[in-house]
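Input: a single structure, listed below in structure tokens.
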Amino acid sequence: MKLRPLTLAYVGFALLGILVLGAFLREHVASRATPAPAAMQTKGAPASPDQTGGIPSVRPLFTLPDLTGHRHSITEWDGHALMVNFWATWCAPCRREIPLLNALSTEYASKNVKIVGIAVDFMEDVQKFTARTPLHYDLLVGEEDGLEAARGFGVDSLAFPFTAFTDQSGHVLTVHIGELHEDQARAILTVVDKVNRGEVTAPQARPLIERALAALKRTDPS
């Protein structure tokens, strides 16, 4: 029997995850076994060249279905700054992000920011999960198609969760690998708002975001 790529990915991570040194992947393995000790849980960070195949300057084009099966192009959100959050139901840090994303979705709507969740998972699993845990933002679902969308943002592995931030013109300002925390989200969205207001350009925004997140890391007592 020929296994689908997404199924092979699950199997591969179950076998190899424990050998991977990244803090996020340690959390992924722990989510399938026992909770990770607090000392092993670290904040996510902007994507680096070894984590991505190269972050694009412009948001990729893709079309995915919603929970009812109706397909949507990402262009439906043209004119909005986006947080495109890639996640899966089996991913513990992905699940932990949801309350924050729900809150940000409401708070930043007035600043023209939309959150679009991309569940790289099986439709039935996502439907069951969201029946128990409502998401207050738009949600699309993709198995193999979801992996293709992730690669469009330059992420070549199942490094879930990760969140791509764009300005309202569709320029990709940063791709944050790992669990997103509130202080990180607000630091990034502050720069996104500056781009939307015309105070800085998209190319100028990338180093601003990196410096803002680095400053948070220096002040983090953990």
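Here are a few things to note about the model shown:
- Here's how it looks for V155: its modeled amide H is under 5 Å from those of G53, which are all 5 or more places away or on a different chain.
- Placed amide H near H176: partners under 5 Å, 5+ positions off or other chain: A47, T163, A164, F165
- Per-residue 3J(HN,Hα) values for segment 123-136, derived from phi via the Karplus relation 6.51 cos²θ - 1.76 cosθ + 1.60 with θ = phi - 60°, read 3, 4, 5, 5, 4, 5, 5, 6, 5, 8, 10, x, 9, 9 Hz in sequence order (x marks Gly and Pro).
- Per residue, the Cα convex hull of segment 128-183 amounts to 127 Å³.
- Environment charge at L208 (Cβ cut-off 13 Å; Lys +1, Arg +1, Asp -1, Glu -1): -1
- Residue ranges 148-156, 58-66 sort as 148-156, 58-66 when ordered by packing (mean number of other C-beta atoms within 10 Å per residue, highest first).
- For segment 153-169, Karplus couplings with θ = phi - 60° (6.51, -1.76, 1.60), whole Hz, Gly/Pro x: 8, x, 9, 9, 10, 7, 8, 8, x, 9, 10, 9, 10, 10, 7, 6, 9
- Only Lys, Arg, Asp and Glu carry charge here, each on its Cβ (+1 for the first two, -1 for the last two); on that basis segment 41-219 has a dipole of about 660 debye about its Cα centre.
- Most to least packed among 110-119, 97-106, 162-171 [average Cβ atoms within 10 Å]: 162-171, 110-119, 97-106
A short reminder: the numbers here are calculations on the coordinates, not readings from a lab. Keep in mind it's a predicted model, so treat the numbers as computed, not measured. Note that each Cβ is placed from the backbone with ideal geometry, even for glycine, and that neighbours are counted across all protein chains shown.
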